[in-house]
Amino acid sequence: MNTITRTVATAAIAAAALIGGTGLAAADVPPATPSLTGDDIVTVGDNGGCNGPIHIDRTTDRAHPGQLTITATPRGDLGARPGCGTTIQVDWVNGIAPFTHSAQLPLDGGPATITVDAGLGASWVTVSVLPQRAFAVSNYIWIAP
């Protein structure tokens, strides 16, 4: 199976999970469509010597319906060492109330976590960094009712 076929098949499986829904345990990883760079924000350019991917984890908790917790973990200098701080930008659009929402959190010295009210059902969620140029992590995510 070639790469394009695998990517299309993976997207189809993820879309089926989004449409059909899945039962999630407390503090579970919600189903998401694939992103171009997987679960890592990848910077472009020199960025003043502050480089390296930032890994993004997403979790939900049935005790808090509609909330999505995002954890950003530096895997290089950016966001991890002094002088290499950045800002994580989270943008989301919920399929039920299609309005764009944004939240930011500083990433300076290690992992950082933010919880947003993404809403129930399918949401488009993009996680990027500011002011650096980077490939963001963008997915449709299913948040179970």
| remark: Of the conditions (1) out of contact with any His (no Cβ under 7 Å at 6 or more places or on another chain); (2) more than 21 Å from Pro30 (Cα to Cα), the single one that Val93 does not satisfy is (2)
| Complete set of residues in the stretch 61-94 that are under 15 Å from Pro111 (Cβ atoms), in contact with a Leu (Cβ under 8 Å, 6 or more places away or on another chain) and small (Gly, Ala, Ser) | Ala72, Gly79, Gly85
| request: Working only within the stretch 93-111, note down all residues that are touching a Gly at 6+ places or on another chain (Cβ under 9 Å), at pLDDT 95 or above and among the hydrophobic types (A, V, I, L, M, F, W, C). | output: Leu107
| query | Which of the residues belonging to the stretch 43-60 are in contact with a Leu (Cβ under 9 Å, 6 or more places away or on another chain), in a strand (DSSP E or B) and either more than 22 Å from Pro31 (Cβ to Cβ) or of a type in the set (A, V, I, L, M) (or both)? | reply | Thr43, Ile54
| said: Can you confirm whether Ile114 is crowded, with 20+ Cβ neighbours inside 10 Å, assigned to a strand (DSSP E or B), at pLDDT 95 or above and out of contact with any helix residue (DSSP H, G or I) (no Cβ under 6 Å at 6 or more places or on another chain)? | reply: no
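The values are calculated or read from the model by the stated rules, or taken from the named source; none is laboratory data. Note that the structure is predicted; figures quoted are calculated from it, not measured. As a convention, Cβ positions derive from the backbone with ideal geometry for all residues, glycine included, and neighbour counts pool all protein chains shown.
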